[in-house]
Amino acid sequence: MKKRKDCKTVLSRSYYLVGALCFIGLQYYLFVFQFMRDRFQFYSASTVTILFFFHVLFFLLLWSMFQSITSDPGKVPLYWGVIMDDPETKKRRYCLICHQFKPERSHHCSTCERCVLNMDHHCPWIMNCIGFHNRKFFILMVFYISLTIIYVITFEILFAVDIVRFYLNDFTLPNLIFKGLAIIVTLLFASVIINFFHFHIQLLLHNTTTIETMEKQKNEQQGQPVQKENPFDYGYKYNWYQVFGLNPYLWLFPIFGQSGKPLGDGVTWDRFPMQYYIQDHNPNMVTLQQRQNNSQAIISNNI
């Protein structure tokens, strides 16, 4: 009985993912096999160039989406806060569903039925939560969706005049209406996804999450006291490092590697400037103040 229920649950949750993949596939078909075919000879140099860059963006989109779907957003460490010698800070928050203590900024997802580290939200379109360990992949997915849709719309609008002229001369009004509706739907989707991407970039740069933002708005509406300053906001630069890591060569790719992991562990959230954390984990990094101190020491010894 339970297995049947689990199968029904999985199938019901997969509808969003299947719908998203179908929409992506439809956009791919319309651009490659409809608009591009009508504007140019399919194997001309200009067509090959346009399609090459389109497929680069499309590949990065699918890669980021795959990583967002398959990557674990972050689990609460086993026996967190239950050891006798653990400090009381580990025992401030308790999940009544998972029956375990949970770190700061962790939340329980009723869909995934587990607690997630630094949970941002549950995304039904990818059947996964967005948390500490896959937030970079999710933001890159939304970024490449936005970039790909802008790329597609740009060429669709450039081709619109020629397409209209071509179909009016051949009296194929149904195809003309079909492509016109496709452009309108693409424009509407672009406006939604670009605003969504802008929203998540703002969250990233201020080191906050969707859940924390909604909780703050809810408390403000109910007249409850709200902390105006975000204690986890280390500034744009270090907030970016916390999600995308220190290696700029890996920022545009949905991988971490050894040098591109997000700063921290998603469990401990100390209220100190992030540059101290970076110095502790990167001994070769020397700040400007350290350089000045070293220079003054050298001058003093020479004197």
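Loop only per DSSP, at most 11 neighbouring Cβ atoms within 10 Å: give me the GluC sites (Glu not before Pro) in region 187-250, ordered by residue number.
Sites meeting the loop and neighbour criteria: Glu229.
Within region 49-84, which residues have the backbone N less than 17 Å from the label spot 7 Å out from Phe155 along Cα→beta-carbon, could you tell me?
The answer is 49-62.
How about region 200-234: which trypsin sites (Lys or Arg not before Pro) there are in a DSSP loop, with at most 14 other Cβ atoms within 10 Å of their Cβ?
Loop-located and lightly packed - Lys228.
Can you compute the modelled spin-label distance between Lys216 and Asp72, with each label point 7 Å from Cα toward Cβ, in nm?
3.0
Each reported figure results from applying straightforward, stated rules to the coordinates on display, with no laboratory input. All figures in this text were calculated on a predicted structure; none of them were measured in a lab. Because the Cβ atoms are built from the backbone with ideal geometry, glycine has one as well, and the counts that use them run over all protein chains shown.
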